[in-house]
Amino acid sequence: MIKMQAIVEVPVFDTESPQPWPVASVAAGSWLVLDADRTDEEIGLFTGALAHRLDVESPGGRDEVMATLLGAEILIVAGGLRLLDMATGTAVVPGCCAGLEDWREWGQVLTGDSPWLGHDPGPEVEIASDGGLRVWQDGGPNRHHGRWAGTSIVLPRLILTDLLRTVQQDLVGFLALVKQWTERNGLGDDGTALVEAIDRNFTITAPLDLPID
């Protein structure tokens, strides 16, 4: 069984600037899955990751963090989509500098293109002449004589559309939790605006327009 999950990378937070809301205690560099099963602390962690990319954590408290998030031209966060082979336990994760905001680019595979999935080590989708797909964790400088080496997952082409639609459902469920979290934290109109900004910047609820395979 192959699974695909939306994930974000947990940043290194400034321990001298505590978050203005409870956050999950998760090791920096690990992955936070975004779906409808997250806790309030995990939603706080996600929001903190958004603020971290804008070089603000909580020097002025909650109001400053919210003002920075809502005033940002764009919201981005390190992450993307993780592919899992549940039978073997193999995982392929986004590379360095990949962002969750580009998750829909996986749809390019259906038109014969490999999306950019980050570098170092540089995940890549190998598209065979017969249309078969293999996703490599390292598609970069460690290739040998034109061939990839190391961790990979065979991805049946026919299931990719369903996997991406499931990812969107997970993100829609997560967004609903974010809305509830803002209400429980008394963020009022700022909370509504934050939910709208997350939806807009990560293209969550917009129709998923995929090529007909």
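Just so it is clear, none of the values below were taken in a lab; they were calculated from the coordinates. Bear in mind that the values here come from a model prediction, so they are computed numbers and not experimental data. As a convention, Cβ positions derive from the backbone with ideal geometry for all residues, glycine included, and neighbour counts pool all protein chains shown.
Structure above, values below:
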read-out: Kirkwood Rh and Cα Rg combined as Rg over Rh, evaluated for the chain; value: 1.00
read-out: Gained length - Glu41 relative to Arg157, 0.36 nm times residue gap less alpha-carbon distance; value: 38.1 nm
read-out: Folded to 0 to 90 degrees: helix 188-201 orientation relative to the chain principal axis, Cα; value: 20
read-out: Length released on extending from Arg134 to Thr15, taking residue separation times 0.36 nm less the Cα-Cα span; value: 38.8 nm
read-out: Under 10 Å, Cβ to Cβ, from Leu155 - net charge with Lys/Arg +1 and Asp/Glu -1; value: 0
read-out: Pairwise FRET efficiency - Arg53 versus Ala24, Cβ, R0 = 22 Å, nearest 0.05; value: 0.80
read-out: Extended-chain gain in nm, criterion 0.36 nm per residue less alpha-carbon gap, Ala72 and Thr203; value: 45.5 nm
read-out: Charge sum, other residues only, whose C-beta stays under 11 Å from Thr166's C-beta, Lys/Arg counted +1 and Asp/Glu -1; value: -1
read-out: Helix 62-71 vs. the chain, principal-axis angle (Cα, 0 to 90°, nearest 10); value: 50
read-out: Segment 85-164 pair-distance distribution - Cα-Cα, 10 Å bins, rounded %; value: 18, 54, 28, 1
read-out: Summed residue charge, Cβ within 12 Å of Thr203's Cβ, Lys/Arg positive, Asp/Glu negative; value: -3
read-out: Helix 40-53 axis, angle to the chain major axis (alpha carbon atoms, nearest 10°); value: 80
